[in-house]
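Each remark here refers to the structure printed beneath this line.
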Amino acid sequence: MRNLMEEIEKRRTFAIISHPDAGKTTLTEKLLLYGGAIHLAGSVKARKTARHSVSDWMEIEKQRGISVTSSVLQFDYDGYRINILDTPGHQDFSEDTYRTLMAADSAVMLIDAAKGIEPQTKKLFLVCHRCQLPAFTFVNKLDRYGRNPFDLMDEIEKVLNIHAYPVNWPIGIDGHYKGAYNRLKNVIELFEDDTSHGTKLLKSTTSSLDDPKIKEMFDEETYTNLCNDIELLNLAGDDFDMEKVRNGRLTPMFFGSAMTNFGVKSFLEKFLELSPAPQPHVLQNGNIIEPNNEDFSAFIFKIQANMNPAHRDRIAFMRICSGTFENGMSVYHKQSDKIIKLTQPQQFIAQERTIVEKAYPGDIIGIFDPGIFDIGDSLSDNNLKLQFEDLPVFPPEIFASVQPKNSLKRKQFEKGIKQLSQEGAIQVFEQKGTSRESYIVGVVGVLQLEVLEYRLLNEYGAELLMNKLPFSIARWIYSTNQTVIDNIKGLDNGMLVYDKKDSPVILANNEWSLNWLIERNPEVQFLKVPADLEKI
């Protein structure tokens, strides 16, 4: 038991969230750099070199310079085992991000110093708040012109309704920052001029605010402004309170530049000190499972096919919630009601893998999936047989009819559609009584259709014919009388399709069309997500 508790206390599992282009993937890479997991950082959008961010492993991510799927990254630093969940910032991939947050114990909210709180940042913060995840704020891009730090603090408090406590405070102005003042340690950290453009570790020196040598390094105006800022923060700002951080009422705030490594190391070290170790998880019956429970339990929050193009494998990502995982162990799989053996357990730095012999609560590991797992599946020791609460599912808003351009590629097409559906990248529907040549796919954002088309061609060799459909709403329907479903009225304003579990779904053009259908079918219940069917 003592060994288990020691391992739990070492773990830090967190997600990084932001609006697109706030520098999230760059920060992830720089944390790996300081953790010693990589020795030279590349630029996510570098055009002059062949290097790309290690967490953007898909070819389409390298070409577009964006993240389209969550990445799982592990490394050790200063006695901690760190599990980073790098999430897509683009709103079209929100569903993947929301599921990933369910596997985290805290979140790092990245904010562009010039743009402040952006729409997607606000949405993702609210999800963190609902998941009761402590949020830590990193104000990025201090190497460029940015807004006044006090203005950013004020915006966080007004827009997100959470108080902010700046742990460090930038020294300088408008991209010309020489260092930062650490308010909890009462010391100044000065960064040396660097010409490596963030590819190497940034050297720094620390000293007290009253050190005469420190005063000589600043002009009088900069030093006076710093002293005034600190005095104002101490008089008018919030006190630091870890209980408020844990309860989501206070966000520790850090300033830095992921691109130049300014403030990254000090952020990493303080974040590891302040962020929570693995937390309890909620079961479907409302009970919780504590991480120090010696019985093993975990849930699948992500499935990814073709991470290794040479083997075309399929990996299920599992968050360990309690007990100890051991390579080759057999566990109870709630959804199939069977005992299964977990094989080829791996941990990742992007697509680079190492075999895992043991893992503990908080760890994220990948296991070989022969096609038996779905997102949200629960795994546990046979004596537990527990089921975790459902992961969030979002009704699709964009629909298209898809079929293979070449009928000889039918098998590859069907395999790709099935696997991408199991990943949660798309939702797949069929019309009964029509040709099996085509499927209807539903997605949350239009960029997901581009990724679908790209991956089917490049990973499965199947070129698509795609026709956008006019629908924008999906509702799962239920009636005690199947005849009512078979003869549903008003389909001139919608389409009846069936999902992968053969549950009937109505697709409607808009809210007016949906209301038309509801009025004409009083015996039918219209439900937003398929999970609602299980509650009836």
Next on the checklist: Placing one identical point scatterer on every Cα of the range 382-495 and ignoring solvent, what is log10 I(q)/I(0) from the Debye formula at q = 0.13, 0.19, 0.21 Å⁻¹?
Outcome noted: -0.61, -1.05, -1.17
Checklist outcome for this item: Taking a ≥ b ≥ c as the square roots of the eigenvalues of the Cα gyration tensor, with a/c under 1.5 meaning rounded and otherwise prolate when a/b exceeds b/c and oblate if not, the range 216-282 is oblate
Item to check | Heavy-atom accessible surface of the range 449-536: percent carbon and sulfur, 1.4 Å | outcome: 49 percent
Checklist entry - HN-Hα J couplings of the range 137-145 from phi, Karplus 6.51/-1.76/1.60, θ = phi - 60°, integer Hz, Gly and Pro as x? => result 9, 10, 7, 9, 6, 6, 7, 10, 4
Checklist entry - With the Cα gyration tensor of the range 139-184 giving a ≥ b ≥ c as the square roots of its eigenvalues, does the rule (a/c under 1.5 for rounded; else a/b larger than b/c for prolate; else oblate) give rounded, prolate or oblate? => result oblate
Next on the checklist: Please list R144, R12 from largest to smallest accessible area, probe radius 1.4 Å, with all protein chains kept in place.
Outcome noted: R144, R12
Checklist entry - Quick one: Karplus J couplings for the range 287-296, per residue in order, coefficients 6.51, -1.76, 1.60, θ = phi - 60°, nearest Hz, x for Gly and Pro? => result 6, 10, 10, 7, x, 7, 5, 6, 6, 6
Checklist outcome for this item: The set of residues whose placed amide H lies less than 5 Å from the amide H of N293, leaving out same-chain residues fewer than 5 positions away, is G323
Item to check | Calculated FRET efficiency for the pair D337/D486, C-beta based, R₀ 45 Å, to 0.05 | outcome: 0.90
Checklist entry - Rounded if a/c is under 1.5, else prolate if a/b is larger than b/c, else oblate: which is the range 466-531, with a ≥ b ≥ c the root eigenvalues of its Cα gyration tensor? => result oblate
Checklist entry - Taking θ as phi - 60°, what are the ³J(HN,Hα) couplings along the range 322-328 by the Karplus curve (6.51, -1.76, 1.60), each to the nearest whole Hz, with x for Gly and Pro? => result 7, x, 10, 8, 10, 3, x
Checklist outcome for this item: For K10, K24, K213, the accessible-area ranking with a 1.4 Å probe, largest leading, is K213, K10, K24
Next on the checklist: Please compute, for the alpha-carbon atoms of the range 228-324, the extent along each of the three principal axes and give them in descending order in Å.
Outcome noted: 59, 41, 20
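The values are calculated or read from the model by the stated rules, or taken from the named source; none is laboratory data. Just so it is clear, the model here is predicted, and its values are computed rather than measured. Glycine also receives a Cβ, built like all others from the backbone with ideal geometry; neighbour counts cover every protein chain displayed. Calculation scope for accessible area: heavy atoms of the full protein, side chains included, ligands and nucleic acids excluded. Shrake-Rupley method; radii C 1.70, N 1.55, O 1.52, S 1.80 Å.
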